[in-house]
Amino acid sequence: MKSKIYQILLASSCCLLPLPGHAQKQINKASFWKSSYFNIDWQANGLIGSDFVDKISGWGAHFEMGHYQTANFAIGGFISYHTNNEYLPYQTFIWENSALSTEQQHSLFQIPFGISARYRLSGQYAIPYIGAKIGAQYTQSEDYIHRTCVYQNNWGFYISPEIGVEIYPFAQKRFGLHLACYYSFATNEHGVLWYHNKHTQNYGFRTGITF
Amino acid sequence: MNYRLSLCLVALTSFCHSCQKEPDWTEQSNEYLVYTQRDASFDANQHHNYFIADSILLIDDTAEPKYLKSQEAEKIISKVAQNMDRSGYHRVNDKENADLGLQLSYIFDTYYFTSYPSYPPYWWWGYPGYWDPYYWGSYWNGWGYSFPISYSYSENSLLGELVDLTVPKEEGSHLPVAWNMYINGEPSGYRHFDSNRMQRGIDQAFRQSSYLKKENR
C-alpha cells in the first residue's frame, strides 16, 4: 500500500514538473521583457520622384516593438504616420482650350504598419542594426484649391529597409537613444487632379528613445 | 488576447490618423482663382468690335433678377472693357452693330447656382433672370457651347461670357459662346480689397487667354 502511494506521488510529480510554477513564470516574463525592445521616434520624411509633394517634413512619428528570438535576431511590429505638405504659389496651367490660375496646398498623409525584422550587431554602448519592414500602407492625397479639397485615398503594399543604432549612455541599460535611416516603397498611387504618381517612395531618418 | 491586440491596433491607427497635419494657411496669398475656356474655332482676327452690358447680373437667393450698377460694378465692367481694348477690339454702344457681346454675372449666393450639367438644356434655362440669348437678339434660341463646363460655382464668383454675334442670324439658331471666364475666391469682408482682387483676376483671365488678342489691329 505504502509503495503504491509512493508510485502515485512520483507519477504526479513527473506530470507537474514540466509545468512552470509561479516563480518560473515570473522569470520567463522578466526574460521576455529583457529580450524585447520598444522604439518611440520622431521622424523626418521626404518623397522620392514625386510631382505632388517634394518637400521634406518633420510631421511624423514611428512606434515599434519587437522581441529577440535569438541573441541577434528580432521580429516585431510597427506603425508610423507622416504628413508632407507643400504650398504651391499662384501659377497658371494652360491646356489646349482652357487655362487655370490658382495657388494650391498639397498634402500627402501616410500610415504604414506591419511586421518588422531586425538583426543587431555586437556592441556595448552603441548597438548598430539592420532591419526590414513589410506590411500595408494607407495613403491620402489632398489638393486644396482655396479651401476646396480634392482628395483620394488608397491602400497598398509596403516594404522598407532600415539601418540604425541604439545608444545606451546611461548606467540603467534599458533606456537609450535610437537613430535610424530608412527608405520605403509602397504600391500606393498618390496625387490628384493632374498630378499622378504610380508609387510612393520615401526616405527619411528617425530619432527617439529605445527601452 | 487577440481581441485586445486588435482593439489596441485600431486605437493606435485612429490616433495616427488624427495626427494629420493641416496645411499652413498663412502661406496663402489668397489671390482669386481664374479659369478660362474657349471655343477652339474662335478666330480673334475675324472680330473687330464688341458690346458690353452696362450692368452685372447679381445672382443671390432670390428669384428676381437684380443688376449691379454700383461704383464697384462699374470698375469691374471698365476693367473687362480695358482688357478688350488692349486686345485690339473697339467698343461700340449699339449691340446690333457688335461682332462680340460680353455679359457679366456675380454669384453672391449659390441657392440657384450649384453646378453645370454636361448635357443640354443647360442650367440657365431654369434660372430666373439669367442672361437670356434673347438679350442679344430675338432670333437666338438658346446657347451654343462647343466646350464642356465641368466646374461647380461658388459664392463670390464672377462669370464672364463672350458671345459671337457674327454667326448667321437664323431663326432658332444657337448663340455661340466663344470664351468664358470664372473668377472665384473667398471674400475678405473688405469691399475695396475684394474688388481689387477681382480686377486683378480679370487681368489674369485675359493674360492667360492670349488667343483673344487680335494680330492685325
When the residues of segment B:51-69 are filtered to those that are under 18 Å from the mean Cα position of the chain (by Cα) and hydroxyl-bearing (Ser, Thr, Tyr), which remaining residue is surrounded by the most Cβ atoms within 10 Å (Cβ to Cβ)?
-> B:Ser55
Answer yes if at least one residue in segment A:75-89 is open to solvent by less than 30 Å² (accessible area, probe 1.4 Å), under 11 Å from A:Ser36 (Cα atoms) and more than 10 Å from chain B (Cβ to nearest Cβ), and no otherwise.
-> yes
Is it true that some residue in segment A:112-123 is within 14 Å of chain B (Cβ to nearest Cβ), among the aliphatic types (A, V, I, L, M), open to solvent by 60 Å² or more (accessible area, probe 1.4 Å) and not in a loop (DSSP other than H, G, I, E, B)?
-> yes
Does A:Ile159 satisfy being open to solvent by less than 70 Å² (accessible area, probe 1.4 Å), more than 14 Å from chain B (Cβ to nearest Cβ), among the hydrophobic types (A, V, I, L, M, F, W, C) and in contact with a Gly (Cβ under 9 Å, 6 or more places away or on another chain)?
-> no
Got a sec? Which strands (runs of 3 or more DSSP E) wholly within segment A:24-108 have at least 3 residues that are among the polar types (S, T, N, Q) and touching a residue at least 12 places away in the same chain (Cβ under 8 Å)?
-> A:36-47, A:73-94
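Residue by residue, here is whether (1) touching a residue at least 60 places away in the same chain (Cβ under 8 Å); (2) within 19 Å of the chain's Cα centre (by Cα); (3) closer than 19 Å to B:Ile52 by Cα holds:
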| site | (1), (2), (3) |
| --- | --- |
| B:Glu171 | no, no, no |
| B:His174 | no, no, no |
| B:Asn184 | yes, yes, no |
| B:Tyr190 | no, no, no |
| B:Met198 | yes, yes, yes |
| B:Ile202 | yes, yes, yes |
| B:Phe206 | yes, yes, yes |
| B:Ser209 | yes, yes, yes |
| B:Lys214 | yes, no, yes |
Enumerated strands (runs of 3 or more DSSP E) restricted to segment B:132-212, each holding at least 3 residues that are modelled with pLDDT of 90 or more and facing chain A (nearest Cβ under 10 Å) = B:173-184
Given the conditions (1) under 26 Å from B:Asn180 (Cα atoms); (2) in contact with a strand residue (DSSP E or B) (Cβ under 7 Å, 6 or more places away or on another chain); (3) of a type in the set (Val, Ile, Thr), which single one is not true for A:Ile94?
-> (2)
Take segment A:140-156 and flag every residue that is assigned to a strand (DSSP E or B) and open to solvent by 80 Å² or more (accessible area, probe 1.4 Å).
-> A:Thr148, A:Tyr151, A:Trp155
If you scan segment A:62-74, which residues turn out to be out of contact with any Phe, Trp or Tyr (no Cβ under 6 Å at 6 or more places or on another chain) and either at pLDDT 95 or above or within 12 Å of chain B (Cβ to nearest Cβ) (or both)?
-> A:His62, A:Phe63
In segment B:26-43, anything more than 7 Å from chain A (Cβ to nearest Cβ) and either over 15 Å from B:Ile183 (Cβ atoms) or over 16 Å from the mean Cα position of the chain (by Cα) (or both) is listed as B:Thr26, B:Asn30, B:Asp39, B:Ser41, B:Phe42, B:Asp43
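The values are calculated or read from the model by the stated rules, or taken from the named source; none is laboratory data. Values in this document were obtained by computation on a predicted structure and should not be read as measured data. Don't worry about glycine lacking a Cβ; one is built from the backbone with ideal geometry, like all the others, and counts go over all protein chains shown. Ligands, DNA and RNA are excluded from the accessible area calculation, which covers all protein heavy atoms including side chains. Shrake-Rupley method; radii C 1.70, N 1.55, O 1.52, S 1.80 Å.
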